[in-house]
1. Under a 1.4 Å probe, what is the accessible area of the chain per residue, stated in Å²?
2. Placing +1 at every Lys and Arg Cβ and -1 at every Asp and Glu Cβ, with all other atoms neutral, what dipole size does the stretch 215-261 have around its Cα centre, in debye to the nearest 20?
3. How many percent of the accessible area of the chain is carbon or sulfur, using a 1.4 Å probe?
4. Could you work out how far the C-alpha centroid of the stretch 55-96 sits from that of the stretch 250-315, in angstrom?
5. If each DSSP helix of 4+ residues adds -39,500 (n - 2.57) and the sum is divided by the residues in the chain, what number results at 222 nm, nearest 500 deg cm²/dmol?
6. Can you tell me the order of 245-251, 169-175 when each peptide is scored by its average per-residue count of other Cβ atoms within 10 angstrom, highest first?
7. Using the crude model of +1 on Lys and Arg Cβ and -1 on Asp and Glu Cβ, and no other charge, please compute the dipole size for the chain relative to its Cα centre, in debye to 20.
8. Could you tell me the center-to-center distance, by alpha carbons, between the stretch 160-232 and the stretch 98-121 in angstrom?
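The values are calculated or read from the model by the stated rules, or taken from the named source; none is laboratory data. Bear in mind the structure is a predicted one, so any value in this text is a computation, not a measurement. Positions of Cβ are backbone-derived with ideal geometry, glycine not excepted, and every protein chain shown enters the neighbour counts. Side chains included, ligands, DNA and RNA excluded: accessible areas come from the protein's heavy atoms. Shrake-Rupley method; radii C 1.70, N 1.55, O 1.52, S 1.80 Å.
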Amino acid sequence: MSLRPTYRAIGIDLGTSTIKLSCATHLKKIPSIVGQPLEGWRGFSGDSSLEKNLVISDGTRNLYVGELARLQSEIKREIASEGKVKSIDDAVLAIKAVLALITEKNYDEIIMATGVPVASSKKEMVKLAKGLKGELNINVENEATGEKIKRLLSVKHCIVMPEPFGTYYHTLKTQGESRAVDAIVIDVGHGSTDILTLYEGRVMRQASGSLEEAADTLTNRIAQELQNQTGKIVRPFDLMSSLSQGKDVLTIGGERWDILSMKEYHIEIIADVILDEVNRLIGTLPPDAIIEKVILCGGGMHIFGDRLKLGFEQAGLAEHPEMLILPENPVMSNAMGFELFARRFISGLGEDGFNEL
Ligand SMILES: Nc1ncnc2c1ncn2[C@@H]1O[C@H](COP(=O)(O)OP(=O)(O)OP(=O)(O)O)[C@@H](O)[C@H]1O
Ligand SMILES: [Mg+2]
C-alpha cells in the first residue's frame, strides 16, 4: 500500500460501436460488445495482446469483451444500441475490462467522467454512475496467454453525462475559452446521431435529441441496394471497412461494382435529415440564445462531415467559418474531453496538473 494517494482522471465514451477511453497518454477503443465464452477455446489468436483477448469475471461467470467477443462469441450482446445503453450491468463490466488495460497497479483516487448516448434516461445514467462508483474489484484474464490480472480501484466520483458534452468541453479547453459559450454539438456515430445544445453552460433537453440516421444507416442502405442489384448477400458490416478505407470499387460475386454515386446519393439524403433535425431543435431555443459554435464530432464526420459543413453554411447557421469546429480526432474527442472534465474534480491536482501514471 503506497502512502501517497495515486490519482487518475479517466474519460470514457460509451458508443454503440466502440467504447473509447482516454487517460493521460492512453487512448483506447474497443468494440462495444460482450459475449459468451467458447468452451475449450484458448490461444488460437494471432494477436495475444490483452486488448484483443479480454475476458472479465463478474465473480460467478466469465464474459468475453470487445474484439474477442466480436470475433469469437456465438452469443453476443451490444452494450448500447438505438441511441441507448441497453444493459447497465454489461456496460459496467465492459468499462471495468477497459480499465484493466490502462492500469498497471491499484489506484486509490480515481475520478471518472463517462458519456452515454443522449437518449439514455436519467435513471439509467444514475444506475451507471452507481455501478462504477466505489471500490471496483477487477478480475480479467488474457484468453490467449491465460495471464490473470487483478486490480482494486477506488472510484471517488463518477460523473455520467450525454456523450457529446465531452467534445464541447474539449473544444472550450483547447480554444482557451473560459466562458460557457452557447453551442450545438452534433455527434454522428455508428448507430445514432446525438445532438446536444448548450445554453449558458446548461444542457437544453428540449433542444437536444437523438436520430437513428448515422454511419450504419449509410451501410445498411448501400448493402440493400447492392443486394437488390447483384442478387448476392452484402453485409453492411463489410461495407463499413471499405468505406473507412475510402474504397469505392467493390468486388461482389466476382464482379466489380463502383459504389461512388450510390454512396454520394445516400450521404446527401442522410446529411439532410440530420440538418433538418438540427434546425428543428435550434428552433426550440429561447429567442435570446445565439449559437456561437457548431461543433461536429463522431466517426460519422469522416463520411458526412463535408456535406454537413456545407449545409450549415447554406442554412446560415455558421456565417463565419470559425464558428464550425471539427476536432482533430473526432472519434476520440468525447473521451478526451471527459478526461479533462474529470481532472477538475481531482483534489491536489490543478486543471493542468500532472496525471500520475
Ligand atoms: N476514418 C473513417 N472513415 C469512415 N468512417 C469512419 C472512420 N472512422 C470511423 N468511421 C465510422 O464511424 C462510425 C463510428 O463512429 P463512432 O465511434 O463515433 O460511433 P459510436 O460512438 O460507437 O456510436 P454512437 O455514437 O452512435 O453510439 C463507424 O460506423 C465507423 O465505421
Ligand atoms: Mg459516439
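1. Per residue, the chain has 47 Å² of solvent-accessible surface.
2. 80 debye
3. Solvent-exposed carbon and sulfur of the chain make up 50 percent of the total.
4. One Cα centre to the other: 31 Å.
5. Taking each H run of at least 4 residues, the total per residue is -10000 deg cm²/dmol.
6. Going from most to least packed, we get 169-175, 245-251.
7. It comes to approximately 1260 debye.
8. First find each Cα centre; the distance between them is then 21 Å.
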